[in-house]
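One structure is given below, encoded as structure tokens.
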Amino acid sequence: MTLVQNHRLPLSGNKQLWLLALILISACSPKVQPVGRTGPQKPVANTANETNKPATDANKPVVKAPVSKTSTIALLLPFSLDNVGSVKGYSAADLKKANIAIDYYQGFKLALDSLTGLGYNYKLQVFDTKDEPGYTHSLSLNPSVNNSNLIVGPVFPEGIKSFIGKPATLRRPLLSPLSPASPADFGSSNLITINPPLDYHAAGAAQFIANQLKPKKVFILRSGFSVDNKFIVPFKRAIDSLGKRKIQVVYFTVSHGSLTALLPQLDNKTENVFIVPAVNQSYLSVTLRSLDTLSRHYPVTTIGHPNWDKLTFLKFDILQRIKAHITSADKVNYRASATVNFIKNYRKYFKSEPTQYAYKGFDEGLYFGSLLAQDGNQLTHLDSHDFNALHNSFHFVKKPGLGWINTHVNVFKYTNFELKQVQ
């Protein structure tokens, strides 16, 4: 049984208004068939609504099967519902955030309904953060939130900072559901960061290079902007460790796209591996064209920033010729049977197409809902529960003072005008 409780939540914008009633009414959700995957471990069948047959001796009592414990989850999402009745209504930015909240909620709720169908019980409480730091902080003082077995949200980094406070006073596990911000920004040992921060993308790229490409040297092409260092520093640390300092790292700042000064160091028989950690459009436009020209004379493999997947100005034909790879924690395999099953059920119950936030909500609801039900509402051994989700895999490590961090990223290559997973 999933009990849905709420504090002042109707909905506006371009989503179905009937969802408001679903959120507002405190009621038992329908028991739907399990959707997609079944969680980190095989769920145990529940017999909470069954009773044993009476014994032949009338004096013997009827023994009831044990009732599954109820897991309480608080969802803190930026619906900004005060805008519904206001004169100005939703701004474009607020509406975008509200739609993210709705999509995530629907995915999360579908996951709990799936687990409910297996016999687990949940009390889901939904709170509107309004995306306001002051109001978000007030929720951290709400007993209904603090007594939950798991707090999910706030969604954005500033909201997480406001909720946790300084010094961190968080006493319950808090899941950062969408942000890849570094847990060092928050300083709480109870934080769960499920979207791998950039450090782990850099480490994943280094691991792929060291284990698969095995070059003697790598070239890091700098743009001259300091933001590149957010990728370069953890990459250098990881490649030195994995390669046991046998892989030479060559730094080169590219000016006007010229790579001529590197030619004496290139090899025309083995792969020349270039790290391009930039996302700046003007820089990438000229630098990738130069790499494309270089690839006509030398074997070239390129490792780009994980955000390249979001950059619409990049040319697929160039990316393919320079054998561009990126790491990602957000790719859905739409051909997988679990994904097809999820899409079918999502369409059935919400009459709309799932967005990336719905996938994340479903995956996270399924993973944490399953663990709460199976481990007695404890989330103390995430490192023992790896999980292949629809959009990524979960492999958690515990870092002192930083909480649990999902470190898993996949490596993709630009092939046949799409990204295909290679690791």
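The values are calculated or read from the model by the stated rules, or taken from the named source; none is laboratory data. The structure displayed is predicted, hence computed values, not measured ones. Glycine gets a Cβ as well: all are built from the backbone with ideal geometry, and neighbour counts include every protein chain shown. Just so you know, the surface numbers come from the protein's heavy atoms only, side chains and all, with ligands and any DNA or RNA stripped out. Shrake-Rupley method; radii C 1.70, N 1.55, O 1.52, S 1.80 Å.
Kindly indicate whether any position in the stretch 191-205 is open to solvent by 20 Å² or more (accessible area, probe 1.4 Å) and either farther than 20 Å from Trp404 by Cβ or in contact with a Gly (Cβ under 7 Å, 6 or more places away or on another chain) (or both).
no
In the stretch 70-110, which residues are in contact (Cβ under 8 Å) with a residue 40 or more places away in the chain and over 22 Å from Ser144 (Cα atoms)?
Result: Asn83, Val84, Gly89, Tyr90, Leu95, Lys97, Ala98, Asn99, Ile100, Asp103, Gly107, Leu110.
Take the residues in the stretch 162-173 that are closer than 15 Å to Asn146 by Cα and out of contact with any Ser or Thr (no Cβ under 7 Å at 6 or more places or on another chain); name whichever of them is modelled with the highest pLDDT.
Per the criteria, the residue is Pro173.
So which residues in the stretch 206-221 are open to solvent by 70 Å² or more (accessible area, probe 1.4 Å) and under 18 Å from Ile326 (Cβ atoms)? Steps first, answer last, please.
Let us first name the residues in the stretch 206-221 that are open to solvent by 70 Å² or more (accessible area, probe 1.4 Å), namely 207, 211-212, 214, 216.
Gln207, Asn211, Gln212, listed by residue number.
Among the residues of the stretch 272-287, are any open to solvent by 80 Å² or more (accessible area, probe 1.4 Å), farther than 26 Å from Asn211 by Cβ, without any contact (Cβ under 8 Å) to a residue 60 or more places away in the chain and touching a Phe, Trp or Tyr at 6+ places or on another chain (Cβ under 7 Å)?
yes
For the stretch 191-250, name all the residues that are charged (D, E, K, R), modelled with pLDDT of 95 or more and on the phi < 0 side of the Ramachandran plot.
Across the stretch 191-250, the qualifying residues are Asp199, Lys216, Lys217, Arg222, Asp228, Lys230, Lys236, Arg237, Asp240.
Looking only at the stretch 93-118, count every residue that is closer than 20 Å to Asp375 by Cβ and open to solvent by 10 Å² or more (accessible area, probe 1.4 Å) and tell me the total.
Number of matching residues: 2.
What helices (runs of 4 or more DSSP H) completely inside the stretch 99-193 contain at least 1 residues that are of a type in the set (S, T, N, Q) and within 30 Å of Asn307 (Cα to Cα)?
133-139, 157-164
What do you reckon, is Tyr135 in contact with a Pro (Cβ under 8 Å, 6 or more places away or on another chain) and not β-branched (Val, Ile, Thr)?
Values: in contact with a Pro (Cβ under 8 Å, 6 or more places away or on another chain): no; not β-branched (Val, Ile, Thr): yes.
Here the answer is no, as Tyr135 does not meet what is asked.
Of all residues in the stretch 381-423, which are farther than 24 Å from Ile326 by Cα and open to solvent by 30 Å² or more (accessible area, probe 1.4 Å)?
The answer is His381, Asp383, Ser384, Lys398, Lys399, Pro400, Gly401, Leu402.
Residues His256, His297: which one is more than 33 Å from the chain's Cα centre (by Cα) and on the phi > 0 side of the Ramachandran plot? Give the steps one after another, and end with the answer.
Values: His297 fails: on the phi > 0 side of the Ramachandran plot.
Matching residue, one of His256, His297: His256.
Tell me, please, whether a residue that is crowded, with 18+ Cβ neighbours inside 10 Å, over 27 Å from Lys230 (Cα atoms) and touching a helix residue (DSSP H, G or I) at 6+ places or on another chain (Cβ under 6 Å) can be found in the stretch 166-176.
Checking the stretch 166-176: at least one residue is crowded, with 18+ Cβ neighbours inside 10 Å, over 27 Å from Lys230 (Cα atoms) and touching a helix residue (DSSP H, G or I) at 6+ places or on another chain (Cβ under 6 Å).
Could we say that Ile326 is of a type in the set (Val, Ile, Thr), open to solvent by less than 10 Å² (accessible area, probe 1.4 Å) and touching an Asp or Glu at 6+ places or on another chain (Cβ under 8 Å) here?
yes
Is there any pair linking a residue in the stretch 326-345 that is touching a residue at least 40 places away in the same chain (Cβ under 8 Å) to one that is of a type in the set (Lys, Arg) and outside any strand (DSSP E or B), with Cβ under 7 Å and at least six apart or on different chains, and which?
Ala338/Arg37
Out of (1) out of contact with any strand residue (DSSP E or B) (no Cβ under 9 Å at 6 or more places or on another chain); (2) more than 26 Å from Gln421 (Cβ to Cβ); (3) touching a residue at least 24 places away in the same chain (Cβ under 8 Å); (4) open to solvent by 20 Å² or more (accessible area, probe 1.4 Å), the odd one out for Lys244 is which?
Failing condition for Lys244: (3).
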